[in-house]
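The values are calculated or read from the model by the stated rules, or taken from the named source; none is laboratory data. The structure presented is a predicted model; accordingly, all values stated were derived computationally and were not measured. Here the Cβ positions follow ideal geometry from the backbone for every residue, glycine too, while neighbour counts run over all protein chains shown. Note: accessible area is taken over every heavy atom of the protein model, side chains too, but ligands, DNA and RNA are not part of it. Shrake-Rupley method; radii C 1.70, N 1.55, O 1.52, S 1.80 Å.
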Amino acid sequence: MTPISAGRRRIVVIGDVINDVLVKPTEAITPDSDTAAVIRACPGGSAANQAAWMAHLGAETVFAGRVGALDADYHRRELARAGVRAHLAADPDTGTGSIVIMLARDGERTMFTDRGANLLLRRRDLPDGLLDGAAVLHLTGYTFCEPPLLELALGLLAEARSRELAVTIDPGSAAFLARMPAGEFLRWTEGAAVCFPNRDEAAVLTGERDPITMAARLTQHYGTVVLKLGGEGCVLAVPGQTPVHVPAHPARAVDTTGAGDAFCAAFLSRWLSGRPDPATPATTRDLADAAEFAARIAAGVVTRFGPRPV
C-alpha cells in the first residue's frame, strides 16, 4: 500500500457523469396504463457524486470526465456548486450518460443505464498535470468495464504508483464486475489503499457470501476494506486483524440513490483530513472514526430524493 505523501491532501477523481431520472410510483403500478409517480431529474454518476460529496465535506477535490456538449456547462456548474474543480470534455456527437432509476417503496432501486459519452473518455480528455500535487487518485469500477476505458484506468494507476500516490477504489457495479474475467479486477487494483465494495460486489470478487469473510479475504489485496452493507452499516477490515462491524445510523429510506457514494466520499474526506500528518498510517481508531462519520452522512442522504449534497 502506498502511503499518502506528506503535505498533500488533494483527491483526484476520474469517472462517470450521468443525468439521473428518478421515478418513484406513489400508487400500485397499473400495467399498460398510467401510474402516478414522483419524477425528478438531477445530476448523478457514481464518480461525480463522490467528488461532489468529497468537496462538500471539505476535501480539495478535482474531477475529470466526459459529457455531451449540450449540457456540459450544466454539469460544470453543478460540480462547482459543490466545490469541485471539474475538467469536463464536451462531446459534440454523443450525449451525457443517462440512468432511469425506479425506486421501490423502501427506497431500493432498479437502474436502466445508458453510459453515453462516459464510454468515450480518453487520456487526451484529461489535462496535463492532473495528478500534480495530489495525495489520492480515486477511481470507480465503471472505468474498468470497457477496453478503451480500461486502458485509461490502468495508465492512471501506473502513473499514480510512479508518483507514490495513494489509490482508492470503489468497485461500483456487481453486474459489470461479473462480466470481467475472474480475478482480473483484483489484479488490476492490487495494493490500493482503500477499497469500498458493497455486499454484492464483494461476493463477485471473493465468491463468498458472509460479509466478515468477504472483507477479510479482500485484505489480501487492499490496505483497508470498507464493505458497505446499506442499512446494516459496514464491515471495516485491515490485514492481520479481525474485521469490525460498524453499525448504520437509523434512517427512514426514501431514496437510496447516492448513499453509497456519499459514504465513500465521507470516509475518504475524514481519512485524509483526520490526521495532523497525512503521511502517517491511519490507526484503527482513525479508520473506525471515518466509518462512523460515513455512516452518519449516508443516513442523511437516504431520507430525501437525489444523490448530491443540497
Quiz item: Helix by helix, which DSSP H runs in the chain go 18 Å or more along their axis at the Cα atoms and have an average Kyte-Doolittle hydropathy of 0.0 or more?
Solution: 147-162, 259-273, 284-301
Practice problem: Provide the net charge surrounding Arg209, with neighbours chosen by a C-beta distance below 11 Å and charges set as Lys +1, Arg +1, Asp -1, Glu -1. | Solution: -2
Exercise. Net charge near Arg308: determine it from the other residues with C-beta under 11 Å of the C-beta of Arg308, scoring Lys and Arg +1 and Asp and Glu -1.
Key: -1
Quiz prompt | the stretch 1-158, accessible surface, carbon-and-sulfur percent (1.4 angstrom probe) | solution = 51 percent
Practice problem: Under 13 Å from the Cβ of Arg76, count the other residues' Cβ atoms, weight Lys and Arg +1, Asp and Glu -1, and hand me the total. | Solution: +1
Quiz item: Which of these, Ala36, Ala166, Ala90, has the largest mean-square fluctuation under a Gaussian network model of the chain (Cα springs below 10 Å)?
Solution: Ala36
Quiz prompt | Sequence ranges 113-125, 250-262, ranked by mean other-Cβ count within 10 angstrom, highest first | solution = 250-262, 113-125
Self-check item: Global geometry of the stretch 1-92, whether rounded, prolate or oblate, following the gyration tensor of its Cα atoms and the 1.5 cut on a/c
Solution: prolate
Exercise. With no solvent and one equal point scatterer per Cα, compute the Debye intensity ratio I(q)/I(0) for the stretch 232-310 at 0.15, 0.24 Å⁻¹ and report its log10, rounded to two decimals.
Key: -0.54, -1.08
Quiz item: What percent antiparallel are the DSSP beta bridges of the chain, to the nearest 5?
Solution: 40 percent
Quiz prompt | For the stretch 90-140, accessible area per residue (1.4 Å probe, heavy atoms of protein chains only), Å² | solution = 49 Å²
Quiz item: Extent of the stretch 35-137 along each principal axis, from alpha carbon coordinates, in Å, largest to smallest?
Solution: 50, 35, 20
Practice problem: Rank by packing, highest mean first: peptides 100-110, 13-23, 229-239, with packing defined as the count of other Cβ atoms within 10 Å averaged across residues. | Solution: 13-23, 229-239, 100-110
Exercise. Find the accessible area per residue for the stretch 170-235; the probe is 1.4 Å, ligands and nucleic acids are left out, and the unit is Å².
Key: 39 Å²
Exercise. Can you tell me the dipole magnitude for the stretch 176-279 around its Cα centre, using point charges on the Cβ only (Lys, Arg +1; Asp, Glu -1), in Debye to the nearest 20?
Key: 80 debye
Quiz prompt | Cα-projected label distance for Arg105 with Ser273, points at 7 Å along beta-carbon direction, nm | solution = 4.0 nm
Exercise. Please list 27-35, 40-48 highest first by mean number of surrounding beta-carbon atoms within 10 Å per residue.
Key: 40-48, 27-35
